[in-house]
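Here's the structure, in structure tokens; my notes come after.
The values are calculated or read from the model by the stated rules, or taken from the named source; none is laboratory data. On a predicted model such as this, the values are computed, not experimentally measured, just so you know. A quick note on method: Cβ atoms are made from the backbone with ideal geometry, for glycine too, and the neighbour counts reach across all protein chains shown. Accessible surface areas use protein heavy atoms only, side chains included; no ligands, DNA or RNA. Shrake-Rupley method; radii C 1.70, N 1.55, O 1.52, S 1.80 Å.
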Amino acid sequence: MSTTKYDVIVVGAGPGGSAAAALLAKEGKRVMLVDKNKSAGGRMMTIHDKEGFHYELFPISGCPTEGSQMEHVLELIGKTDAVKRIKPNELGLVDLMCLMNSKGELRWHEMSEMGKKMLHSLHISPMNPMHALGLNRVKKFFKAIMTMPEGEINKLYNISAEEFVDSYGPFPGLFRTFTLFICEGAFEMTCDKVPAADYIRFYQESNKFGSGRYYEYGFGRVFEVYAETVKELGGTVLYNTRVKSIDVEGGIAKGITLQNGDQYMADIVISDAGIRQTVLHLIGEEKFDLAYVNRIKSLLPNLACVGYRWFLDAPVLKSPSLVFFPEGGLHSWDEFKAMSEGKRDIQNYIYFGTTSLFPNTAPEGKQLVYAVMSCYPNPKIDTKPMLEYIKNMIHRIQPDLFDHIYKTEIMSVEQSATFGTDKMASDFGGESYGVANAIGQSGDQRPNAKSPIKNLYYVGNDAGGWGMGTNQAVDSAVNVVNLILN
Ligand SMILES: Cc1cc2nc3c(=O)[nH]c(=O)nc-3n(C[C@H](O)[C@H](O)[C@H](O)COP(=O)(O)OP(=O)(O)OC[C@H]3O[C@@H](n4cnc5c(N)ncnc54)[C@H](O)[C@@H]3O)c2cc1C
């Protein structure tokens with residue numbers, strides 16, 4: 001056992017853990033940050049200078065553009081200038097959307113475009129009297145969600161986004177499909193589970209603060225800066241180091257034991273290793289009461305992703321993000337499960353994009369392209385049919401890409417589990433964010449960041465926090481640090 005006692009030990013240097021560690025180090029706490037990976041960032045880690053590319057394992061769209069919690073933390077630790085934010089639209093880059101109707105007709109528009117072109121690509125014709133009536137409902141619907149006050153939004157945690165949208169319908173063309181895809185796009189969760197409150201809040205915030213943000217030398221650079229700050233302020237950062245257990249005595253967290261047997265003590269332990277993994281594996285369910293363990297076991301994770309990273313010998317894509325929506329490709333949670341079990345045809349939205357259009361991310365003339373779809377979060381599912389589907393669809397929308405692939409990497413559910421919180425249970429794992437923004441576990445009903453074990457806190461996507469992915473994880477860090485300091 002090490003005789004050094006830390007004020008705080010943080011298990012996991014993902015977005016949530018690295019942010020919490022940096023903020024506490026800045027407050028003068030003696031901090032130890034430990035991660036099993038080779039650098040900070042968790043599932044949003046950047047792989048640096050691999051054949052000239054700086055890239056993330058999974059596609060990334062930082063949301064919101066302005067006022068993100070990630071940058072708020074950089075400000076709080078005095079590192080605003082350490083990372084350069086990239087706003088795609090300032091580089092003249094536009095995101096595209098492609099909608100395919102049931103006849104297989106493809107229609108494209110720029111994502112920011114709200115006018116005639118968008119209606120066209122949603123297969124809506126204002127000349128059609130039925131569509132014209134439906135368009136009035138669309139206007140009424142948008143007015144309602146964009147002006148809804150916070151108090152009203154908060155009443156909508158127990159109804160799903162799907163139920164809420166359908167209460168205004170029927171809508172013309174592919175509008176319903178298009179608007180409900182936001183649940184997958186923002187929360188990696190199905191529209192029958194995402195609360196209407198989260199869906200509306202996301203719409204309002206994207207409208208106000210924009211969407212689309214990246215960082216020079218990779219998105220994960222922000223989390224590396226957080227971890228570097230811990231070191232600069234006298235803390236300890238251990239990489240390639242797996243924590244075997246969080247040690248608890250008499251209901252109080254006392255420290256950690258590493259895989260190699262080394263032990264460290266601390267007044268406070270914060271876990272960014274996922275709430276389920278922390279409770280069930282790092283501590284052990286016998287240390288909690290049964291009701292709490294059952295609640296943790298019952299939490300739904302969000303969806304996982306599967307797809308390709310294609311390395312191209314030419315800059316084929318001109319847009320950082322091209323989202324493809326097929327009619328009939330909007331699914332419930334149970335339908336995703338059926339798809340993963342081969343009981344349902346695969347038809348899904350595909351995120352197709354590149355970060356190589358941003359400065360200092362790719363070698364001259366080359367491009368790294370992501371093509372990915374959501375899937376049921378279980379590393380054991382057979383993803384071959386999904387990979388086949390993605391390839392077939394990309395052949396339709398960007399056939400020239402296939403003349404330029406010189407290397408292919410598969411983006412798997414397993415990989416997400418490995419880089420993040422490990423496999424969580426026999427039937428789940430590899431989800432993209434963590435505990436889903438779903439009815440019964442969102443808003444006030446999200447798991448409390450303060451554990452029933454004294455001096456133990458959870459941070460990251462699983463523990464409160466608002467926003468999309470990384471922003472939610474970092475928001476939770478800000479909340480947890482405030483809890484601890486107060
Ligand atoms: C396919 C995919 C697409 C995504 N797209 C986006 C996007 O477009 N926008 C966005 O904002 N977010 C996106 N995300 C989500 C984003 O990656 C997560 O929200 C974020 O990484 C969660 O941060 P976290 O701190 O909660 O956990 P994690 O990132 O999972 O970090 C947990 C850390 O804990 C460490 N750890 C776990 N167990 C141990 C242990 N026993 N010992 C030591 N260390 C341990 C892990 O190594 C890891 O570093 C995506 C994720 C995936 C997988």
Problem - Extreme residue, nearest to GLU431 (Cα to Cα), among residues of the range 452-486 that are open to solvent by 10 Å² or more (accessible area, probe 1.4 Å) and polar (S, T, N, Q) - result: ASN461
Completion exercise
In the range 190-213, anything modelled with pLDDT of 95 or more and among the hydroxyl-bearing types (Ser, Thr, Tyr) is listed as THR190, TYR199
Exercise for the section: Scan GLY218, GLY212 and give me the residue that is outside any helix (DSSP H, G or I), in contact with a Pro (Cβ under 6 Å, 6 or more places away or on another chain) and closer than 26 Å to MET45 by Cβ. Expected result: GLY212
Practice task
Considering only the range 1-102, give the strands (runs of 3 or more DSSP E) lying wholly within it that have at least 3 residues that are touching a helix residue (DSSP H, G or I) at 6+ places or on another chain (Cβ under 9 Å).
Solution key: 5-11, 31-34, 96-100
Practice task
Answer with yes or no whether ILE159 is touching a Phe, Trp or Tyr at 6+ places or on another chain (Cβ under 6 Å), on the phi < 0 side of the Ramachandran plot and not assigned by TED's automatic domain parsing to the domain that holds GLY328.
Solution key: no
Exercise for the section: Considering each residue of the range 203-250, count those that are more than 14 Å from the ligand (Cβ to nearest atom), open to solvent by less than 30 Å² (accessible area, probe 1.4 Å) and within 23 Å of ARG276 (Cα to Cα), and give that number. Expected result: 1
Exercise for the section: Scan the range 186-207 and give yes if some residue there is within 30 Å of ASN360 (Cα to Cα) and among the charged types (D, E, K, R), otherwise no. Expected result: yes
Handout entry: Long-range neighbours under 8 Å by Cβ, at least six apart or interchain, first residue at positive phi and part of a loop (DSSP other than H, G, I, E, B) within the range 329-345, second charged (D, E, K, R) and open to solvent by 10 Å² or more (accessible area, probe 1.4 Å)
Key = GLY342/ASP382
Exercise for the section: Look through the range 325-362, keep the residues that are over 21 Å from the mean Cα position of the chain (by Cα) and among the small types (Gly, Ala, Ser), and return whichever of them is most open to solvent (accessible area, probe 1.4 Å). Expected result: GLY342
Exercise for the section: Scan (1) over 30 Å from ILE256 (Cβ atoms); (2) modelled with pLDDT of 95 or more for the single condition GLN441 breaks and write down its number. Expected result: (1)
Completion exercise
Just one listed residue, out of THR65, THR46, is under 30 Å from CYS375 (Cα atoms) and modelled with pLDDT of 95 or more, and it is THR46
Exercise for the section: Select from the range 166-177 the residues that are in a helix (DSSP H, G or I) and open to solvent by 30 Å² or more (accessible area, probe 1.4 Å) and write down the one among them that is modelled with the highest pLDDT. Expected result: ASP166
Handout entry: Only listed residue being out of contact with any Phe, Trp or Tyr (no Cβ under 8 Å at 6 or more places or on another chain), open to solvent by less than 40 Å² (accessible area, probe 1.4 Å) and either within 22 Å of ASP462 (Cα to Cα) or of a type outside the set (Lys, Arg) (or both), chosen from LEU76, LEU23, LEU57
Key = LEU23
